[in-house]
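Engineer: What follows is a single structure, and I will ask about it in a moment.
What follows draws every value from the coordinates through simple rules; no lab data is involved. No experiment lies behind these values; they were computed from the predicted model shown. Counting neighbours? That spans all protein chains shown, and the Cβs are built from the backbone with ideal geometry, glycine included.
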4 protein chains.
Amino acid sequence: MANSLGQIFKITSFGESHGKLIGVVIDGMPSNIEIDLNFIQNALDKRKPGQSDITSQRKEDDLFEIVSGVFEGKSTGAPITILIPNTNQQTSDYDNLKTIFRPGHADKVYQEKYGIRDYMGGGRSSARITAGWVAAGALAQLFLNSVYDIKIEAIVSQIYTIALPKPYNHYNWAQAYDNVVRCPDAFVAEEMIQLISKIKEEKDSVGGIISARILNCPIGLGEPLFDKLNANISKYIFTINAVKGLEFGEGFQTIYLKGSENNSTANSSNNNEGGISAGISNGQNIELNIAFKPTSSIGIRQNIMNKNGEVESLIINGRHDPCVLPRAVPIVEAMLSLVTADHYLLNKK
Amino acid sequence: MANSLGQIFKITSFGESHGKLIGVVIDGMPSNIEIDLNFIQNALDKRKPGQSDITSQRKEDDLFEIVSGVFEGKSTGAPITILIPNTNQQTSDYDNLKTIFRPGHADKVYQEKYGIRDYMGGGRSSARITAGWVAAGALAQLFLNSVYDIKIEAIVSQIYTIALPKPYNHYNWAQAYDNVVRCPDAFVAEEMIQLISKIKEEKDSVGGIISARILNCPIGLGEPLFDKLNANISKYIFTINAVKGLEFGEGFQTIYLKGSENNSTANSSNNNEGGISAGISNGQNIELNIAFKPTSSIGIRQNIMNKNGEVESLIINGRHDPCVLPRAVPIVEAMLSLVTADHYLLNKK
Amino acid sequence: MANSLGQIFKITSFGESHGKLIGVVIDGMPSNIEIDLNFIQNALDKRKPGQSDITSQRKEDDLFEIVSGVFEGKSTGAPITILIPNTNQQTSDYDNLKTIFRPGHADKVYQEKYGIRDYMGGGRSSARITAGWVAAGALAQLFLNSVYDIKIEAIVSQIYTIALPKPYNHYNWAQAYDNVVRCPDAFVAEEMIQLISKIKEEKDSVGGIISARILNCPIGLGEPLFDKLNANISKYIFTINAVKGLEFGEGFQTIYLKGSENNSTANSSNNNEGGISAGISNGQNIELNIAFKPTSSIGIRQNIMNKNGEVESLIINGRHDPCVLPRAVPIVEAMLSLVTADHYLLNKK
Amino acid sequence: MANSLGQIFKITSFGESHGKLIGVVIDGMPSNIEIDLNFIQNALDKRKPGQSDITSQRKEDDLFEIVSGVFEGKSTGAPITILIPNTNQQTSDYDNLKTIFRPGHADKVYQEKYGIRDYMGGGRSSARITAGWVAAGALAQLFLNSVYDIKIEAIVSQIYTIALPKPYNHYNWAQAYDNVVRCPDAFVAEEMIQLISKIKEEKDSVGGIISARILNCPIGLGEPLFDKLNANISKYIFTINAVKGLEFGEGFQTIYLKGSENNSTANSSNNNEGGISAGISNGQNIELNIAFKPTSSIGIRQNIMNKNGEVESLIINGRHDPCVLPRAVPIVEAMLSLVTADHYLLNKK
């Protein structure tokens, strides 16, 4: 199982949803960076469950502890280990998962691949694991802030049928965190919240689009052939549970442009490329859109296969998000911070 | 610069568009596999330029030579090196590229990143390099064929405004190679060819969508956390020049489905996931769509920045594809073969 | 900083001597292996300080906790994380290390390389970190035991001037753990213990040789060119603090043999190669000798350079081993278990 | 099979002894380094066979060709590929190797591991492959020369019973290449040459010691835990065929020193550590001794096992070195250059 990600700024993840704790080792943090604990906690708070009525009601404070690699408030160059206790496991919720394979989850493939699985709350494949990524991403951001004025941002731009009506750059992205759905337009946000609430009442779920951008990215990040910046970003993004699609710049819309329209030239400058030319950051904003499927865990009765290949009609318990996007916004930001920090250091060689 | 790709079935690429040759080292080919030279040449023939009126007129036979790793017709476990000579370089075409930065190309970012660049035909970032990937992909396919009945296929499903009208599974994909545009519907293919011919006359370019699938993929390929099969496929696919978007299964369309509609259950079986659950192949067909931008190289006069930051009005010479998709079909197949072979071997551990 | 070791059976180490805890993540443990906690504790007990009069008097029970990757007593394929609390830190011992660079230690090079260092008990470079390696090595051994009857053993064969008088294969290696110095000959062990006691009274230190062997190693471990089994063993062994020399089989003595004497042929079979031919295990016992320097930390007054480049005459406090070899025996066994498990899995591909 | 070595300055090796060519891809050479072809050829000339009466009589000029990565005389950052044709294969020599397993060679373990082997001249495990390492090492040296005044040197310090009588630092190492045996003392060199000539007449072989040093190595190369400079040097050195032992600084002799004698302090400065403290270069000269076994290939009749497990009495043909050390000197220098360049770049992060 591959639990390390990154080449120079490398993270190693461990833990399960219902174990004692989850954690992450960050190897490659340069030395002498001030470790702002509030900054890290703030990132975790954005992701933690139980923040609002439209997210999972599992109550986890996600209070973290750094147990290595920091000395007198600064990184030493040694690996930084962050532990986040699990405190609100409701293991009884999962008794009936022991023998069934939930749709859209890892249950069946784990059983086939490993011949054993920790079925409590999804075990290793739980979205809870992403708390470690977010903590590590905050460290990446602290490093990037210390060397360059890069800004990494994400917003919810669409939920089900409700989408931001204007080009995303018209909004003030900083306002996304002003509401629980993380949409920078207050009016649209309210519509999205009502939609999610209604879906929640139906015990169903919805997906949508998160848009993200890296502002003021230095020119030259990304390798020309096999570690293209977009290729590595895509690997990090598709690592996030529930992601089904990704596009850079105009993405799927470039299909409807001729080369003469799509090219950014001296007289018709555009950012159709989304800030990356031939795999390397070109100094423009890096822009991407990410499609998330509706949450697989729903509270509606479904016909589900069990370990013996029999079909059972079941309602699956658990405290699930009717829409993962609001909590996925800080995860997307974390993943982009991690891959950017890694490429920043790769480029220094 | 990263020029190796893969963990166990690993390729190392080298060469430039207008150097003596390009090549690839395949490290990790299991021993005792019969190396069918015709099979490799056939794959290269599908990619080579000059095949039809709608592709680049550069004439390269892409005749390859294996110079290591094969003994008496079989792989020995040693690295297999394939050399493909460059024979039809027209270096004079590129004299005017010495001082200008072509739109949508690596020219400017290379100069910034390395302080030097081989400007002949794009040098290292030329699409010519993909010939090596195709040869390596053929070896991956030979390996896969020897152990499992996996079938990897790609087709052109859309060019500019012309798209296949029916769900892609309704077509016989084997017929894609019956025409030069690689669309499995003869009628639509003819429309596409006429469109590309017209665009070529305009000296402009167009993009589109390549759809791909992996049939009969064994369950269990992909790692649960950081080497998810979809994450690694995405890295390989975005490594292909001109790719701007990627989706698995229903992809961006899952936004418009509720969880109860999207889930594949015992009573409403579907393949909305595109054959991968939680990062691991689930035994269904793996299905993806890939958006390609219109070729950046066009023959229309453009205002272009030069090395001194001045704008020049120029027509860029060269023998370019008005639409890269027909020749990208075997490249997509090769990349999918490579990543599948790697995960097949990773899963054997 | 590189804190991961191994390709498939991979460990990631973290922690400092005087932090809250040290730990290790084992990634690549196959699933469904029974995790025998006593077996792991037993390995840690062999390494822990305070075992006898001739080792460091720091009192650490090295009681470990597994916080991930094990479900109902078995490995799940997920990363296994082992935490070992530090309980007996005497930070006052290290106040005077803040400004001086101890001879033979990492102090000066850390300061130069990172511009900051955790000076408490050696921080990241403390031998305490090896507790994690030993725990991981025990897991490697549990895996190996489940698939093959490989036996990995080490003994102290020489301390300073006192060496085992007969060829090492004449001894019963299992008796090494019958005494605190880990020498399989009771008479020689007693001599060694008295020598170390005397050196301890002098507040000085001594080194020596640890010999190790892998019995019943399957043929074929090791790669022909760049991951030769002996090359990778050497990397693991020189990772152990204080190791200054290594030889396989007859090692430096092969210098005094002609090829006709050194070769193992059908009529004059020998194991001069030490069980590895051309980088690959050949089915004979793998045999090696490892030279350890005398402990750098001594209680004798020394002239030592401080951070300002001035010389100070100092006695360095701390609870050090007058001879590291007895406690290094389980560390050598752990490192050999780790590299063997990794190559066993690499060979399965 | 692992055919890549290094993390940032990475080489990929390919080819067999009796194939068309051997080669190496150097990935990670920084851009804008002048590529001095004579410098590379000079390094190859020191290693090539047929240089003198005491080396193999195979005649290979080892004329190389660079086919990628260099543009107008300078590195571009793209992978540099060097091809070295095989011109003097005498395949008839090896007909009788098809069915027997030579002592001390890879023959038997290859057959077991891969179920197939290229038996011509050792195939992939031939020492001929080291020509690629030497070429790559010359590139590493060109890079190092461009950034720092590091000097990497090796000498033959002992052949069989004939050893340099004085501490190695007393000699002018530059004089080693004044004679065919590469010993810096002309008198001792002559003795060694006569000894080897005599051994050659006996159709037997001898080994010895190569000593090496890195002068003016910058402080800080090497990582504290798992990529210790000595650990990685050891991996590169044990990668060289026929190496059976390695020691740094006083190495095995530190066994006979007490800590108070071995430590380098302000009042008793020494280099017993061999220039590396706790895995990191400390600014002193890095010094090592390497034991080479006698050449396994001898011309004396031996009883040898064949593929069927039967014993044959045979004289093995071929053009072998009665002593590999003279030609191994540039190989040791190349390996040290490669690992130093890699750590220099790793340290820049």
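Engineer: On average, how many beta carbons from a partner chain sit within 10 Å of the beta carbon of a residue in D:292-304?
Structural biologist: Averaged over the peptide's residues, the number is 5.
Engineer: Output, in nm with one decimal and in ascending order, the distances from the C:Ser146 label point to the matching label points of the other copies (7 Å from Cα along Cα-to-Cβ).
Structural biologist: 3.0, 4.0, 5.0
Engineer: A further question follows. Within 10 Å of each Cβ of D:262-272, how many other protein chain Cβ atoms are there on average?
Structural biologist: Average per residue, whole number: 6.
Engineer: Using the per-residue mean of other Cβ atoms lying within 10 Å as a proxy for protection, in what order, highest first, do the peptides D:247-256, D:67-76 fall?
Structural biologist: Highest mean packing first, the order is D:247-256, D:67-76.
Engineer: Taking a 23 Å limit on the Cα-Cα distance, which of the listed pairs B:Lys74/D:Lys10; B:Lys20/D:Lys74; B:Lys74/D:Lys48; A:Lys108/C:Lys74 fall beyond it?
Structural biologist: On the way: B:Lys74/D:Lys10 28 Å; B:Lys20/D:Lys74 16 Å; B:Lys74/D:Lys48 30 Å; A:Lys108/C:Lys74 19 Å.
Where the Cα-Cα span goes over 23 Å, the pairs concerned are B:Lys74/D:Lys10; B:Lys74/D:Lys48.
Engineer: Can you give the net charge of the other residues whose Cβ lies under 14 Å from the Cβ of B:Leu142, counting K and R as +1 and D and E as -1? Don't jump to the answer; show the numbers that get you there.
Structural biologist: Values: positive: B:Lys74, B:Lys151; negative: B:Glu34, B:Asp36, B:Asp149, B:Glu333.
Overall, the nearby charge balance is -2.
Engineer: Pop out the ³J(HN,Hα) list for segment A:2-18 in order, Karplus 6.51 cos²θ - 1.76 cosθ + 1.60 with θ = phi - 60°, rounded to Hz; leave Gly and Pro as x.
Structural biologist: Each residue's phi maps through the Karplus curve to give 8, 10, 10, 9, x, 9, 10, 8, 10, 10, 10, 9, 8, x, 10, 3, 10 Hz.
Engineer: Mind listing the long-range amide H neighbours of A:Ile33? Cut-off is under 5 Å, sequence gap 5 or more, other chains count too, H placed in the peptide plane at 1.01 Å from N.
Structural biologist: A:Ser75
Engineer: What helices does chain D hold that run 20 Å or longer along their axis, going by alpha-carbon atoms, with a Kyte-Doolittle average of 1.0 or more, using DSSP H for the helix calls?
Structural biologist: Within chain D the helices that satisfy the rule are D:130-147.
Engineer: If you don't mind, there's one more thing I want to ask. Taking square-rooted eigenvalues a ≥ b ≥ c of the alpha carbon gyration tensor, is segment D:142-231 rounded, prolate or oblate, where a/c under 1.5 means rounded and, failing that, a/b exceeding b/c means prolate?
Structural biologist: Prolate, because a/c is 1.5 or more and a/b exceeds b/c.
Engineer: Just tell me which lysines come within less than 21 Å, Cα to Cα, of D:Lys258; anything on the same chain fewer than 8 places away is out.
Structural biologist: Partners found: C:Lys198, C:Lys200, C:Lys203, C:Lys244, C:Lys293.
Engineer: So, by mean Cβ neighbours within 10 angstrom, what's the order for C:130-137, B:308-315 with the highest one leading?
Structural biologist: C:130-137, B:308-315
Engineer: To continue, here is another question. In whole angstrom, and with the biggest value first, how far do the Cα coordinates of the protein assembly as shown range along each principal axis?
Structural biologist: Computed over the Cα atoms, the extents are 84, 66, 62 Å.
Engineer: Just to verify a number: FRET efficiency for C:Leu37 and D:Arg319, C-beta to C-beta distance, R0 = 45 Å, to 0.05?
Structural biologist: According to the calculation, E is roughly 0.15.
Engineer: Compute the FRET efficiency between A:Glu201 and C:Glu65 as 1/(1 + (r/R0)^6), taking r as their Cβ-Cβ distance and R0 = 41 Å, and round to the nearest 0.05. Kindly include the intermediate steps, with their values, before the conclusion.
Structural biologist: On the way: r = 43 Å, r/R0 = 1.04.
Computed FRET efficiency for A:Glu201 and C:Glu65: 0.45.
Engineer: Please enumerate, by chain and number, the aspartates and glutamates with C-alpha under 12 Å from the C-alpha of A:Lys113, excluding those fewer than 8 residues away in the same chain.
Structural biologist: Reachable aspartates and glutamates: B:Glu223.
Engineer: Tell me the net charge near A:Ser68. Cut-off is 11 Å between Cβ atoms, A:Ser68 excluded, with +1 for each Lys or Arg and -1 for each Asp or Glu.
Structural biologist: Around A:Ser68, the charge tally is -2.
Engineer: Still on this model: So, counting K/R as plus one and D/E as minus one, what does the shell of residues with Cβ under 12 Å around A:Asn179 add up to?
Structural biologist: Result for the local shell: -3.
Engineer: What's the average, rounded to a whole number, of partner chain beta-carbon atoms within 10 Å of each residue's beta-carbon in D:329-337?
Structural biologist: 0
Engineer: Then there's this: Using +1 on the beta carbon of Lys and Arg, -1 on that of Asp and Glu, and nothing else charged, what's the dipole of segment B:4-347 about the Cα centre, debye to 20?
Structural biologist: 720
Engineer: Also, I was wondering about something else. Place the label 7 angstrom along Cα→C-beta at A:Thr99 and in each other copy, then list the distances from the first to the rest in nm, shortest first.
Structural biologist: Here the equivalent label points are 6.3, 7.2, 8.0 nm apart from this one.
Engineer: Something else about it: Mind giving me the FRET efficiency for D:Asn216 and D:Gln253? R0 is 30 Å, r the Cβ-Cβ distance, nearest 0.05 is fine.
Structural biologist: The computed FRET efficiency comes out at 0.75.
Engineer: What does the copy distance list look like for C:Ala266, label position 7 Å along Cα→Cβ, in nm and ordered from shortest?
Structural biologist: Once sorted, the set of distances for C:Ala266 reads 6.5, 6.9, 8.0 nm.
Engineer: Would any residue of segment C:111-134 have its amide N under 19 Å from a label point 7 Å out along Cα→Cβ of A:Lys74? List them or say none.
Structural biologist: Residues C:111-125 fall inside that zone.
Engineer: Would you mind putting D:179-189, B:296-306 in packing order, based on average other-beta-carbon counts within 10 Å, highest first?
Structural biologist: So the order, starting with the most tightly packed, is D:179-189, B:296-306.
Engineer: A:Lys151: which lysines have alpha carbons under 18 Å from its alpha carbon, excluding same-chain residues fewer than 8 sequence positions away?
Structural biologist: Of all the lysines, those that pass the test against A:Lys151 - Cα under 18 Å, at least 8 places apart if same chain - are A:Lys46.
Engineer: Let me ask something else about it. With +1 assigned to the C-beta of every Lys and Arg and -1 to the C-beta of every Asp and Glu, and no other charges, what is the dipole magnitude of the protein assembly as shown about the Cα centre in debye, to the nearest 20?
Structural biologist: Magnitude of the dipole: close to 0 debye.
Engineer: According to the square roots a ≥ b ≥ c of the eigenvalues of the Cα gyration tensor, what is the shape class of chain A, taking rounded for a/c under 1.5, prolate for a/b larger than b/c otherwise, and oblate for the remainder?
Structural biologist: Numbers: a/c = 1.68, a/b = 1.24, b/c = 1.36.
Because a/c hits 1.5 or more and a/b fails to exceed b/c, chain A counts as oblate.
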